[in-house]
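Participant: Let me give you the structure first, and then I'll get to my questions.
The values are calculated or read from the model by the stated rules, or taken from the named source; none is laboratory data. Because the structure is predicted, anything quoted here is derived from the model rather than measured. Every residue, glycine among them, receives a Cβ derived from its backbone with ideal geometry; neighbour counts consider all protein chains shown. Remember, those area values only see protein heavy atoms, side chains included, never the ligands or the DNA or RNA. Shrake-Rupley method; radii C 1.70, N 1.55, O 1.52, S 1.80 Å.
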Amino acid sequence: WILDIFNMICFIIVYIMRWEWVSQSQSNEEQFQVGTTVYPEQLDHIEPAFFLQQDLNCINIAICILRLLKVLEFSEDLNLVTKTLTATKDKVLSLGILFFLVLMAYSITGVASFGVQLYAFRDLGSAMSTLMR
């Protein structure tokens, strides 16, 4: 039930952030040109809120998947999936750690190579987000 409470809190925070983000983006009085490659500087202050909202949505999706696996335990046939995941959790965890290390290495390389020239590689968090897309 703790997972359910955390999931609901995360959902409510994302919902509030979404309304705040929409209201801030609509409060700009300037007209933006469609199809231009120039990013409007008036929207710089809401960019971190948008990316935080994306990260919280990812956490919320992961929690929903965990809850789904918990529900699958009640079905005999589908319980085989959860038993298999439980049996292979050490190998899957080591594979995840290896994936994270490779992602980190490419992110550091991207920041060192393109950090000044490309906005997507301006820092380590942005580089990791760019590589995951």
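Participant: Among the residues in segment 19-39, are any modelled with pLDDT of 85 or more and either open to solvent by less than 100 Å² (accessible area, probe 1.4 Å) or over 20 Å from residue 126 (Cα atoms) (or both)?
Facilitator: yes
Participant: Here is a further query. For segment 34-128, which helices (runs of 4 or more DSSP H) that fit wholly inside it have 2 or more residues that are basic (Lys, Arg)?
Facilitator: In segment 34-128, the matching helices (runs of 4 or more DSSP H) lie at 47-72, 89-114.
Participant: Scan segment 93-130 for residues that are in contact with a Leu (Cβ under 7 Å, 6 or more places away or on another chain) and either in the same structural domain as residue 54 (by the TED database) or aromatic (Phe, Trp, Tyr) (or both) and jot them down.
Facilitator: Passing the criteria: only 106.
Participant: Just for segment 1-15: of the residues that are at pLDDT 85 or above and loosely packed, with under 11 Cβ neighbours inside 10 Å, which one is nearest to residue 67 (Cα to Cα)?
Facilitator: Once the filter is applied, the top-ranked residue is 5.
Participant: Pairs, please: C-beta under 9 Å, at least 6 apart or cross-chain, first residue open to solvent by 80 Å² or more (accessible area, probe 1.4 Å) and in segment 59-78, second in a loop (DSSP other than H, G, I, E, B)?
Facilitator: 71/78
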